[in-house]
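Just so you know, all these numbers are worked out from the coordinates, no wet-lab data involved. Being a predicted model, the structure only gives us computed values, none of them experimental. Glycine also receives a Cβ, built like all others from the backbone with ideal geometry; neighbour counts cover every protein chain displayed.
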Amino acid sequence: GAVVSQHPSRVICKSGTSVKIECRSLDFQATTMFWYRQFPKQSLMLMATSNEGSKATYEQGVEKDKFLINHASLTLSTLTVTSAHPEDSSFYICSATGTGGINEQFFGPGTRLTVL
Amino acid sequence: QKEVEQDPGPLSVPEGAIVSLNCTYSNSAFQYFMWYRQYSRKGPELLMYTYSSGNKEDGRFTAQVDKSSKYISLFIRDSQPSDSATYLCAMRGSARQLTFGSGTQLTVLP
């Protein structure tokens, strides 16, 4: 199956700093990438949908100025958590879909963010 | 009411048992149905994908969809300790965005 990677896998930062998370599709071109966050023992909550070369579409309640998403190429999307606070601590997961077919989403391994 | 309801468990079964996992949904626009497996602190892995009502089998896994009842199931035969994980149902309509169930935590005891 298609492979999606995320970097870093884990990050610890101080409150007020910004953190960038990368999501890469390694063996296919991802026209659409999705960003989710997941709290312990809860399901995935979609944060935003990004299409290559265009602005991301954010879900209701997600602050676009706080969670900056860039999808500059067909294999890379980035999520930047700006001025992170402890309540932003979570597991962030990206997924990617290619073109045609059933458009199934392939998920990255996730990034655990801890804000002190 | 959530669009997708899934019993969170936890569910514990002995090795070799048949496991039944279920989701119900309310949105008639959902056309595509998936089951994902997620190990602790890992991203979800697609297990099964179905489009129409009926059964789809892949090895020890069988996915079942009943659109008239808005009910989907995943059966795991001859369950193994390595099947211990959280199982998430997910579904979508014509758009690409998935709606997930809350996940069922499964433990298969050796």
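At a glance:
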{"quantity": "Normalised per residue, the volume of the convex hull around the Cα set of the stretch B:50-110 (Å³)", "calculated": "101 Å³"}
{"quantity": "At 0.692 mPa s and 37 °C, Stokes diffusion of chain B via Kirkwood alpha-carbon radius, µm² per second", "calculated": "236 µm²/s"}
{"quantity": "Magnitude of the charge dipole, the protein assembly as shown, Cβ model with Lys/Arg +1 and Asp/Glu -1, debye to 20", "calculated": "380 debye"}
{"quantity": "Farthest toward positive dipole pole in the protein assembly as shown [+1 Lys/Arg, -1 Asp/Glu at C-beta], among B:Ser94, A:Gly98, A:Met45", "calculated": "A:Met45"}
{"quantity": "Ranking of B:Ile18, B:Ile72 by count of other Cβ atoms within 10 Å, fewest first", "calculated": "B:Ile18, B:Ile72"}
{"quantity": "Test item: Cα-centred dipole of chain A, Lys/Arg +1 and Asp/Glu -1 on Cβ, debye", "calculated": "300 debye"}
{"quantity": "Average beta-carbon neighbours from other chains, 10 Å sphere, peptide A:37-45", "calculated": "5"}
{"quantity": "Quotient of C-alpha Rg and 2.2 N^0.38 Å, computed over the protein assembly as shown", "calculated": "1.02"}
{"quantity": "Charge context of A:Glu87, other residues only, Cβ under 13 angstrom, K/R +1, D/E -1", "calculated": "0"}
{"quantity": "Kirkwood-based Rg to Rh ratio, the stretch B:6-45, C-alpha trace", "calculated": "1.02"}
{"quantity": "Entries in A:Lys64/B:Lys67; A:Lys20/A:Lys41; A:Lys14/B:Lys2 that, when Cα-Cα distance is taken, lie over 26 Å", "calculated": "A:Lys64/B:Lys67; A:Lys14/B:Lys2"}
{"quantity": "Computed log₁₀ I(q)/I(0) - Debye formula, equal Cα scatterers, no solvent, chain A, q 0.12 Å⁻¹", "calculated": "-0.38"}
{"quantity": "Loop sites in the stretch B:1-54: trypsin sites (Lys or Arg not before Pro), DSSP, at most 14 other Cβ within 10 Å", "calculated": "B:Lys2, B:Arg41"}
